[in-house]
Amino acid sequence: LQGIFVLGLPYALLHSGYSGLFLIILAAALCCYTGKILIACLYEENEDGQLLRVRDTYEDIANACCKKLSPKLGGIVVNVTQVMELIMTCILYLVVSGNLLSHSFPYVPMTEKTWSVIAFVTLLPCVFIKTLKIVSKLSQLCSLVHFIIILVVMTYCFTQIHQWSWGKFRLSIEFEDFLVSVGVIIFSYTSQIFLPTLEGNMKNPGEFRRMLNWTHFFACVLKTTFALTAFLTWGEETKEVITDNLPSFLQTLVNLCLLTKALLSYPLPFFAATEMVYACISRGNHSNYRSPLFALGVRGSFLLLTLLMAMFIPHFALLMGLTGSVTGAAMTFLLPSLFHLKLKWKKLSFLEKCADISVFILGFLCSLAGIVCSIKRLLEIFG
């Protein structure tokens, strides 16, 4: 919930004005809600009215919804969508790592691609990750580094408090720029693809809803405070990545922290994607597909694939935006609300049905607008 996207929130406020502050709060509420209804789809009531976990993954939910059309159609669609998003996320971390190393050591005669290869070498131990516990420890370190970055930026902003002015907020906004802001704000909260695994690994799954409420609340407070203080400091000069606005003596420190964060962030999407691919391949009874050596080969191949794609995909940022508009909106808004309506229709109240339908429509509009804008930019580049 506190990923690299957070560093783009001040830029989102630049283009969305006062409405951006409202969007940060609204996005937190919506993403928290879709997370809850997604997990609700994992459970069914037995004859005694007790809730039992009858499904384990996003794929199981999709298969249950599409079983009349095809027993495995829903799962295939969800798996492909999830793996696409996770692969693009891993590639982004490699690209960002190369970029940060290049800017941190500008006097070293190396290209960004070479730096990306160096970053890749440090990620090789990822092939030996077998459990979510290791990933969670790395994620804790990632969170610590993230808070250091936020603290450095906000401390500098508070030293410039004499320059703050609410007059820096825009009253009129450009529609396309506003859509970019919506995308940045919404996708800074996305975590739905990890939730079924996370809930299944909790010591007390009954606390999941409370955990989701508190994490989204604190994420919302931190995002709002960070975006607001940074935007009030730099105003119209706010850059896409806010750390680029810092003085040069702080930029190097923050860039190295960002590099550490990117490398520590890589294992989570990597683990999720490889587990998904391995589970799909090893479903057959063939014992060779269930051996530890084969699992190691899957993880190694995936690691190499992300490096090759990071080095050779042109116009990566635009392709990432296009993929995010398709997969991000689908996994966060469209599918959770659709699955919830399908599986729980008879038990939902009128207000709950209205809420799910509203979320679906909103997600569809955000996805459509993001796709149109991304394709337009790609056509402009290739035109």
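The values are calculated or read from the model by the stated rules, or taken from the named source; none is laboratory data. Computed from a prediction, not measured in an experiment: that's the story for all the values here. Cβ atoms come from the backbone with ideal geometry, glycine included; neighbour counts cover every protein chain shown. Please note that ligands, DNA and RNA were not included when accessible areas were found on the heavy atoms of the full protein model with its side chains. Shrake-Rupley method; radii C 1.70, N 1.55, O 1.52, S 1.80 Å.
Numbers at a glance
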{"item": "Subset of the stretch 105-120 [in a helix (DSSP H, G or I) and either farther than 17 Å from Leu268 by Cα or touching a strand residue (DSSP E or B) at 6+ places or on another chain (Cβ under 7 Å) (or both)]", "result": "Glu112, Lys113, Thr114, Trp115, Ser116, Val117, Ile118"}
{"item": "Hey, Lys223 in contact with a helix residue (DSSP H, G or I) (Cβ under 8 Å, 6 or more places away or on another chain) and outside any helix (DSSP H, G or I) or not", "result": "no"}
{"item": "Selection count, the stretch 100-127, where residues are open to solvent by 30 Å² or more (accessible area, probe 1.4 Å) and touching a residue at least 40 places away in the same chain (Cβ under 8 Å)", "result": "5"}
{"item": "Wholly enclosed helices (runs of 4 or more DSSP H) of the stretch 315-383 bearing at least 2 residues under 22 Å from Leu38 (Cα atoms), at pLDDT 75 or above and open to solvent by 30 Å² or more (accessible area, probe 1.4 Å)", "result": "335-344, 350-382"}
{"item": "Unmet requirement for Asp177, which otherwise passes all of (1) at pLDDT below 85; (2) under 17 Å from the mean Cα position of the chain (by Cα)", "result": "(2)"}
{"item": "Criterion: at pLDDT 85 or above, under 19 Å from Phe218 (Cβ atoms) and either open to solvent by 20 Å² or more (accessible area, probe 1.4 Å) or not in a helix (DSSP H, G or I) (or both) - qualifying residue of Leu1, Leu23", "result": "Leu23"}
{"item": "Inter-residue pairs, beta-carbon under 7 Å, first basic (Lys, Arg) and in the stretch 32-54, second open to solvent by less than 10 Å² (accessible area, probe 1.4 Å), 6+ apart", "result": "Lys36/Leu212; Arg53/Leu42"}
{"item": "The lone exception for Val254 - which of (1) touching a residue at least 60 places away in the same chain (Cβ under 8 Å); (2) open to solvent by 20 Å² or more (accessible area, probe 1.4 Å); (3) closer than 26 Å to Val180 by Cβ; (4) in contact with a Ser or Thr (Cβ under 8 Å, 6 or more places away or on another chain) it fails", "result": "(2)"}
{"item": "Within the stretch 38-62, tally of residues that are open to solvent by 30 Å² or more (accessible area, probe 1.4 Å) and assigned to a helix (DSSP H, G or I)", "result": "2"}
{"item": "Candidates Thr159, Thr131 - the one that is within 22 Å of the chain's Cα centre (by Cα) and among the hydroxyl-bearing types (Ser, Thr, Tyr)", "result": "Thr131"}
